[in-house]
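Comments concern the structure below.
Derivation of every value follows stated rules applied to the coordinates shown; laboratory data play no part. Remember, it's a predicted structure, so these values are computed and weren't measured experimentally. All Cβ positions, glycine included, derive from the backbone under ideal geometry; neighbour counts span all protein chains shown.
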Amino acid sequence: MLKGLAITPPVAGRITIGRVVEKNGKRLPEKDDQFTITTQIQHRLEWLLHPLNLTLRGSNQEEKLRRIPIRFMFNDPSLNFRADYSLFDRSSGRPMCVGDGDTCKRMTNEGLQNLPCPGADLCPLGQHGGCKPYGRLTVQIDDGENTDSFIFRTTGFNSIRTLFARLHYFSALSNNKLACLPLELRLRGKSTRMSHGTAIFYADITLRSDMSMEETLIAANALHEQRLAAGFNQDALDAAARQGLNNGTFEDDEDDVASLVEEFYPEQSAISEKITKNTGERLLQTTNNLAAKLEHKVRSQADQRHLPAQPSNPANGEAQP
């Protein structure tokens with residue numbers, strides 16, 4: 001296993017509340033009152049919808065998606081939902097500091113350091129740098145046929161607090177059989193003083209609408225016994241996932257640069273868009289100019305053949321032709 005590389009659960013797509021829209025030349029996050037399920041592929045800076053985004057709506061495709069049947073991969077709540085205080089570099093999206101309110105790992109001029117973490121509100125660096133709570137929920141969408149994993153990312157306190165509580169409660173009442181419970185990811189709404197009376201939406205985990213608590217526990221126990229009989233080792237799976245996550249310094253990598261910058265720093269969204277566009281433009285420009293560069297190199301070498309020999313340059317370690 002490569003040291004320093006966090007091994008995260010493979011995912012087939014994303015679950016979001018809202019989307020990113022372009023306003024006045026900038027890409028800004030826009031909240032919504034429904035879930036959206038996308039693939040991990042972007043086309044013209046738009047995430048392509050996953051087929052489940054339509055399948056779960058049933059016959060009425062105009063119906064808002066506010067309930068998603070889910071299961072979890074692991075019994076340990078902290079493996080299904082990872083949350084911490086995170087600070088990202090605004091220009092590149094790379095993680096700079098990650099902490100849990102007690103200790104943190106921070107990239108400094110001296111390298112990676114373990115330092116005290118007072119939390120985003122009390123940390124001088126966090127207050128000026130834009131440190132925020134950041135959670136990642138990994139679920140399996142259970143539609144009867146598909147059990148692929150999807151990730152739901154959030155920086156909202158309401159979602160983080162609720163998801164933490166629900167996962168630990170369901171783990172306790174099921175006698176640590178969280179991975180066997182048939183549950184539901186549900187969209188909730190409420191108004192607060194900070195929202196000035198307008199509704200804000202967050203994610204919650206509940207029982208499925210067509211199952212009682214007793215039916216849910218009976219189904220979980222039956223699945224647990226079935227897996228034991230088949231030789232399924234849930235404890236070993238949890239241990240492997242824990243080892244993989246602990247193998248790296250930071251969980252997020254540069255593949256998520258654009259979406260992380262858009263989520264954390266809306267004012268920096270133009271930067272992430274510019275990075276994405278410039279990458280494609282540089283590739284196209286490089287391709288178009290390749291023939292010209294080769295021709296220029298050939299002509300230069302031909303001209304230099306008619307010049308007298310030059311002494312080698314020890315400063316750059318290269319010999320001149």
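For a quick check: sort Asp89, Asp33, Asp84 by the number of other beta carbons within 10 angstrom, fewest at the front. Write out the running numbers ahead of the final one.
Working: Asp89 16, Asp33 13, Asp84 21.
Sorted ascending by nearby Cβ count, the order is Asp33, Asp89, Asp84.
Counting only other residues whose beta carbon sits under 15 Å from that of Asp102, what net charge do I get with K and R as +1, D and E as -1? Don't skip to the answer; put the middle values down first.
Numbers: positive: Lys105, Arg106; negative: Asp84, Asp100, Asp121.
Net charge around Asp102: -1.
Going by C-beta contacts inside 10 Å, put Val11, Val21 in order with the fewest on the left.
Ordered from fewest to most neighbouring Cβ atoms within 10 Å, Val11, Val21 come out as Val21, Val11.
Between Phe35 and residues 5 or more places away or on another chain, which pairs have amide H atoms under 5 Å apart, with H built 1.01 Å from N, and which residues are they?
Here Leu65, Arg66 satisfy the definition.
Expressed in nm to one decimal, what extension gain is obtained for the pair Arg57 and Asp89 from 0.36 nm per residue of sequence separation less their Cα-Cα distance? Spell out each step's value before the answer.
Numbers: separation 32, 0.36 × 32 = 11.52 nm, distance 3.80 nm.
Working it through step by step, the gained length comes to 7.7 nm.
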